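Right, one structure below, let's go through it.
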Amino acid sequence: MKILITGGSRGIGKAIVELFAKEGHDVVFLYRSSDKAAEELCCATGARAVRCDVSISADTTKAVKATIDMLGGIDVLINNAGISSFGFFDTITDDEWRKMIDTNLSGAFYVTREVAKVMIAQKSGRIINVGSMWGKVGAACEVHYSASKAGLRGMTRALAKELGPCGITVNCIEPGVIDTEMNAHLSDEDVSALCDDTPLGRIGSPEEVAHLAYFLSSDKASFITGQTIGIDGGFAI
Ligand code: NAP
């Protein structure tokens, strides 16, 4: 399969790149600025990388075109690129709000809009959006993050209806607390408290999320669309 993953240089996206490449698929990933990490991942996996800020529409158009030139098509799109930040609701600036929505929600829209043209023409495709459990239950001091991820839930369901007749499935993965740099700011006490609130008593690994993305892109998931699937150890039940 030909796979495009956004935000593939680090964390969950990197684990997804590694898994698909290990299973013999042709992978291109987008990243924002981590040139060294991207280069190392390409060397280690055989994947190819395109530097692209998904929050800039014109950049995504160029990046998707470059991807199609490299792969000759796209069977699976995984919208994983994302940022997070924290602050009381009334301290979030206009710029912080815009950057969050532009990256986490508009970025997925821009990339999907370009990729869907290819998938519609080929009458098949899998689109997987990486949301967050906070898009389901909401997180205090992460209102802009929670709103961006809740938006992905709605986009997933609407797109599943619109693209289903073209043979394209659209699903959303909602991770809980996963061990990546996104959570590097958490203290040991914070992590311990989050584990206490998780029925399975631990945080998750990027590899566990990668396996769910892999399943949703496989033939075994051919009748699943419009779904939002939590992978959070039971945190958001
Ligand atoms: P991460 O370790 O911080 O990695 C983020 C990735 O996204 C990097 O590859 C980064 O590229 C890329 N990225 C960020 N902004 C971008 C932009 N504007 N354009 C292109 N690429 C961009 O984060 P992560 O923990 O792996 O998170 C991956 C996804 O899972 C995110 O959507 C996040 O919201 C979601 N998620 C994470 C958790 C968690 O606990 N970690 C939980 C729920 C959901 P650079 O390396 O170039 O910066």
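The values are calculated or read from the model by the stated rules, or taken from the named source; none is laboratory data. Note that the structure is predicted; figures quoted are calculated from it, not measured. Neighbour counts run over all protein chains shown; Cβ positions are idealised from the backbone, glycine included. Only protein heavy atoms, including side chains, enter the accessible area calculation; ligands, DNA and RNA are left aside. Shrake-Rupley method; radii C 1.70, N 1.55, O 1.52, S 1.80 Å.
Label the chain by shape, choosing from rounded, prolate and oblate, from the square roots a ≥ b ≥ c of the eigenvalues of the Cα gyration tensor; if a/c is under 1.5 it is rounded, and otherwise prolate applies when a/b is larger than b/c, oblate when it is not. It comes out rounded by the Cα gyration axes.
Rolling a 1.4 Å probe across the protein heavy atoms gives the range 1-96 an accessible surface of 47 Å² per residue. Solvent-accessible area of the range 1-77 (1.4 angstrom probe, protein heavy atoms only): carbon and sulfur portion equals 49 percent. The local environment of Lys22, defined by Cβ-Cβ distances under 13 Å, has a net charge of -3 under the rule Lys, Arg +1 and Asp, Glu -1.
Given Lys99/Lys220; Lys136/Lys161; Lys36/Lys123; Lys99/Lys123; Lys14/Lys99; Lys36/Lys99, which pairs have Cα atoms separated by over 31 Å? Listed pairs above 31 Å: Lys99/Lys220; Lys36/Lys123; Lys99/Lys123. Distances between placed amide hydrogens fall under 5 Å for Arg48 paired with Val27, Val28, Phe29, all partners being 5 or more residues away or on another chain.
Scanning residues 5 or more positions from Ile231 or on other chains, those with amide H under 5 Å from its amide H are Glu174, Gly176, with H placed 1.01 Å from N in the peptide plane. Straight-distance candidates among the lysines for linking to Lys62, with alpha-carbon spacing under 19 Å and chain neighbours fewer than 8 residues away dropped: Lys2, Lys117. Its Cα centre serving as origin, the chain has a Cβ charge dipole (Lys and Arg +1, Asp and Glu -1) of approximately 1140 debye. The distance between label points at Lys22 and Ala184 comes to 2.3 nm (points 7 Å beyond Cα on the Cα→Cβ vector).
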